[in-house]
Amino acid sequence: MVAYADFHRRSIEDRDAFWSEQAKLVEWETQPQQICDYSNPPFAKWFVGGKTNLCHNAVDRHLKDRADQAALIFVSTETNQEHTYSFRDLHAEVQRMAAILKDLGVTKGDRVLIYMPMIAEAAFAMLACARLGAIHSVVFGGFASHSLATRIEDASPKVIISADAGSRGGKGVPYKPLLDEAIKLSAHKPANVIMVDRKLAAFTPVAGRDVDYATERAKHMDTVVPCEWVESTHPSYTLYTSGTTGKPKGVQRDTGGYTVALASSIPHIYQGKPGGTFFCTSDIGWVVGHSYIIYGPLIGGMATIMYEGLPIRPDGGIWWSLVEKYKVNVMFSAPTAIRVLKKQDPALLTKYDLSSLQALFLAGEPLDEPTAKWISEGLNGKAIIDNYWQTETGWPILTICNGVEKAPSKFGSPGKAVYGYNVKLVDDQTGEELTGANQKGVLTIEGPLPPGNLQTIWGDDKRFVSTYWNTVPNKLVYSTFDWAVRDEDGYFFILGRTDDVINVAGHRLGTREIEESISSHPNIAEVAVVGVADQLKGQVAMAFAIAKDTSGLTDDAARKVLEAEVMKVVDSQLGAVARPSRVIFVTSLPKTRSGKLLRRAIQAVCEKRDPGDLTTIDDPTALQQIKDQIV
Ligand code: AMP
């Protein structure tokens, strides 16, 4: 085994040699001519001159060695369906979907928006786009029409692929009305919508626009659609994420760099092997779903489980029963899900044979010590490995790379810098690098960002530079917007965001987006949304609003009515994921004399902490009002 410190050092100091070795894990139609072109910082181009295809590496390349091996295992406890697709089956299904897209005129570089529940057809859709060199943009099924409309407008897709409905807790959740409304709201109109009809919610197709997936698929049972070889730098997808403004950012990923990063992460981080089984419980709407439900495991020749349903239905043992049944080796989830399981009978953890499981990886939000300990003990000491990363990076920034060299985990720390990442802690005021132990700084990454990271923000290079690269004084470094410290052993500890982004159950939400949505209610004059610590979800959004007309808000019942209305607005515009846990009515909000909302002070009060220096506060009674209302 190589010492991890050397492995990491080589990835930075002998970057091109290191990554040219990793590039051998991928099949290329044309070998790259240059490993990294960083002549125009901060824009990095990886594997320049190389031509490859993401779908080829995820599916076609495995046909020679493992055509009959399981590739995609679809399990729905919502509709009680379970189906295993071998690599051969997956290859056929992806070609059928690709043929339908081709019929609709989709070619290389066209955008295809995917708004689907966790069903196998969503995987076919993503892989079919990659096959054609079309750029997919998956929008999380929990988002509602307004969120969806902004993404349709930004991505300007030629085609949208959707379904009649998702399902949650056994109840159908119609998608089609939200999609139709979003298309109405968007200035850009897709030419066609492919509808997968699960028969969960009746709908009327729009004539001339909507096509039925089953009917079209039947026409293409044996159609051959070869992979389109694309330049390594060709965008494979965009994925929208929240920031500090109301407008979501389309994180744009390349093809070659992403394929190499994922191919390399499977053995080095996840210790996955071809023929093994990977079970990631995220959703295709999030980056973790892109990288470790769809592309990563398949590129690594592993079977991947795609699970539609709740972790506690039919009971809290469902995931472990799948581990036993499908001999899962690598499991990947989020701390929130484990906190949900913690409320279930602990005997469910030992009821199934989990001998195949090597490790459980957790990501998306801080992993608190009690949760880590509970699950580690419950799983009889199996390795619990924290991963810290972002939508922007596409794969972990910090973790323990046990596939390179085994190292102990420390509770509360996601670990050390992953190879390829030149992580630096810097002083937010001076930009000075902080090299001492336990000094708090902003976690930054020196360019070039490693393969697999975002190339830019879709259609907005300027925003890419100004958002991520120009925030640290005197330095061109990528900011993660997270505070962190590093201990004497090089382990990092994440201390929270430097901006107004909050993290609810592992889902990243911009408080600005929620504020904008709440403000669209006719009786809301002003609102502040903050993230407040929550035992189950990590954080929840809490809103403090000033009503325009307070004459009706005379008692709690009246306030509850308005609160429910406001929540409904957020539900219908952004989706239930963004719904604040409470909307509290106040008559003024704490601001500085220059009018800047003191969100951090509000948050501190809500969490019963000291709000800090309030010398700049305009109206101290505003904070007192909030204090009085928090019980
Ligand atoms: P997203 O892009 O939605 O994955 O959100 C990324 C943000 O989630 C990061 O900037 C962190 O604030 C937080 N995050 C993700 N993973 C972790 C982790 N393992 N520990 C602590 N915070 C995390």
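The values are calculated or read from the model by the stated rules, or taken from the named source; none is laboratory data. Since this is a predicted model, take the numbers as computed values, not measurements. Using ideal geometry, Cβ is built from the backbone for each residue, glycine included, and neighbour counts are taken over all protein chains shown.
Quick look at the values:
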{"quantity": "Residue count for segment 337-375, restricted to those that are within 13 Å of the ligand (Cβ to nearest atom), modelled with pLDDT under 95 and small (Gly, Ala, Ser)", "calculated": "2"}
{"quantity": "Filtered residues of segment 288-346 (kept if small (Gly, Ala, Ser) and over 17 Å from the mean Cα position of the chain (by Cα))", "calculated": "Gly300, Gly301, Ala303, Gly309, Gly316, Gly317, Ser321"}
{"quantity": "Residue pairs meeting the criteria (Cβ under 9 Å; at least 6 apart or on separate chains; first without any contact (Cβ under 8 Å) to a residue 40 or more places away in the chain, in segment 475-492; second crowded, with 17+ Cβ neighbours inside 10 Å and of a type in the set (Phe, Trp, Tyr))", "calculated": "Ser479/Tyr468; Ser479/Trp469; Phe481/Tyr468"}
{"quantity": "Of all residues making up segment 78-90, the number that are in contact with a Leu (Cβ under 7 Å, 6 or more places away or on another chain) and surrounded by fewer than 20 Cβ atoms within 10 Å (Cβ to Cβ)", "calculated": "1"}
{"quantity": "Of all residues making up segment 472-510, the number that are of a type in the set (Gly, Ala, Ser), more than 9 Å from the ligand (Cβ to nearest atom) and touching a Gly at 6+ places or on another chain (Cβ under 6 Å)", "calculated": "1"}
{"quantity": "When residues of segment 315-336 are limited to those that are β-branched (Val, Ile, Thr) and away from the ligand (no atom under 14 Å from the Cβ), the one surrounded by the fewest Cβ atoms within 10 Å (Cβ to Cβ)", "calculated": "Ile318"}
{"quantity": "Selection count, segment 91-119, where residues are at positive phi and crowded, with 19+ Cβ neighbours inside 10 Å", "calculated": "0"}
{"quantity": "Only one of Tyr292, Tyr307, Tyr240, Tyr258 that is over 21 Å from Val94 (Cβ atoms) and either touching a residue at least 24 places away in the same chain (Cβ under 8 Å) or away from the ligand (no atom under 16 Å from the Cβ) (or both)", "calculated": "Tyr240"}
